[in-house]
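First up is the structure itself, then whatever we jot down about it.
The values are calculated or read from the model by the stated rules, or taken from the named source; none is laboratory data. No experiment lies behind these values; they were computed from the predicted model shown. Note: ideal-geometry Cβ built from the backbone for every residue, glycine included; neighbour counts use all protein chains shown.
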Amino acid sequence: MKILRVLRFFVGTPLIYLLPSLLGWGLKDIAGYFASAPRLTYGILVGLLGFGVTIQGLIAPEGIRGGAGEKEKRVTRQTVVKIVIILVMYGGLIFLPFADRRELAVWSEAETLRWAGLASVAMGFGLVLWSGIALGRFYSADVTLQPQHRLITTGLYSVLRHPRYLGVLLLTLGLALLYRSWVGLAALLPVLGVVLFRIHDEERLLHRTFAAEWEAYCKRSWRLLPLIY
């Protein structure tokens with residue numbers, strides 16, 4: 001069973017993050033996709049993420065699939081938001097390379113920006129992966145709480161309350177730069193709005209549950225960006 005889990009996580013990661021981009025670019029020109037050094041490096045980065053997710057699947061699998069949580073504490077409207085985020089993510093992974101190849105709403109070739117985007121993607125992947133490991137069984141794709149939930153306030157969580165959401169924003173920015181997309185950059189603002197809306201509901205739930213402990217944690221941490229917000 002453990003071997004099957006390892007294979008599922010290792011194979012599943014490129015299916016999520018690379019295959020849609022190849023489909024958008026066009027399977028008949030895969031060589032063209034990887035002809036760009038930043039896009040080739042993105043493929044390698046997805047492979048490294050797959051390795052990291054595999055390790056996570058062995059030591060903290062709950063941080064990948066997430067728990068159902070307590071139904072009575074689930075913020076129902078955020079389930080809809082979760083679905084929207086997933087659809088937008090897959091839409092972006094398909095459309096941005098599609099537009100890149102066909103010169104649709106893109107700026108002139110600037111490889112420096114592509115590399116900057118790749119760096120942003122790498123940081124985003126890292127934050128999403130690390131947060132899943134740190135949260136473990138307390139992670140959920142929904143806004144809810146697990147049985148016997150406790151606050152995680154160590155490591156990066158000692159500074160940032162929502163590093164996973166920062167990772168999502170960095171991924172959004174990074175993919176826009178990697179595929180030189182004006183549409184991707186324009187999408188950053190509504191994605192930020194959705195993330196802030198989700199944070200609002202999540203923090204309200206945590207405050208209601210942990211009260212003084214949550215307030216004390218908020219005083220020594222930042223939501224998304226240290227010293228800024």
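Which ones in the stretch 109-124 are part of a loop (DSSP other than H, G, I, E, B) and either free of Cβ contacts under 8 Å to residues at least 60 places away in the same chain or among the β-branched types (Val, Ile, Thr) (or both)? Reasoning before the result, please.
In the first step, residues of the stretch 109-124 are kept if they are part of a loop (DSSP other than H, G, I, E, B); the result is 109-110.
Of everything in the stretch 109-124, nothing turns out to be part of a loop (DSSP other than H, G, I, E, B) and either free of Cβ contacts under 8 Å to residues at least 60 places away in the same chain or among the β-branched types (Val, Ile, Thr) (or both).
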Filtering the stretch 179-229 down to residues that are part of a loop (DSSP other than H, G, I, E, B) and either at negative phi or under 16 Å from the mean Cα position of the chain (by Cα) (or both) yields Tyr179, Arg220, Ser221, Arg223, Leu224, Leu225, Pro226, Ile228, Tyr229
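Residues Thr41, Thr79, Thr54: which one is of a type in the set (S, T, N, Q) and within 23 Å of Val195 (Cβ to Cβ)?
Of the residues listed, the single one that is of a type in the set (S, T, N, Q) and within 23 Å of Val195 (Cβ to Cβ) is Thr79.
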Residues of the stretch 102-161 being surrounded by fewer than 15 Cβ atoms within 10 Å (Cβ to Cβ), more than 21 Å from the chain's Cα centre (by Cα) and not basic (Lys, Arg), which ones? Glu103, Leu104, Trp107, Ser108, Glu109, Ala110, Glu111, Thr112, Pro147, Gln148
Could you check the stretch 41-91 and list, in sequence order, the residues that are surrounded by 13 or more Cβ atoms within 10 Å (Cβ to Cβ), over 23 Å from Trp130 (Cα atoms), at pLDDT 85 or above and not β-branched (Val, Ile, Thr)? Gly91
Any chance you could count how many residues in the stretch 125-177 are outside any loop (DSSP other than H, G, I, E, B) and either in contact with a Phe, Trp or Tyr (Cβ under 8 Å, 6 or more places away or on another chain) or of a type outside the set (S, T, N, Q) (or both)? 32
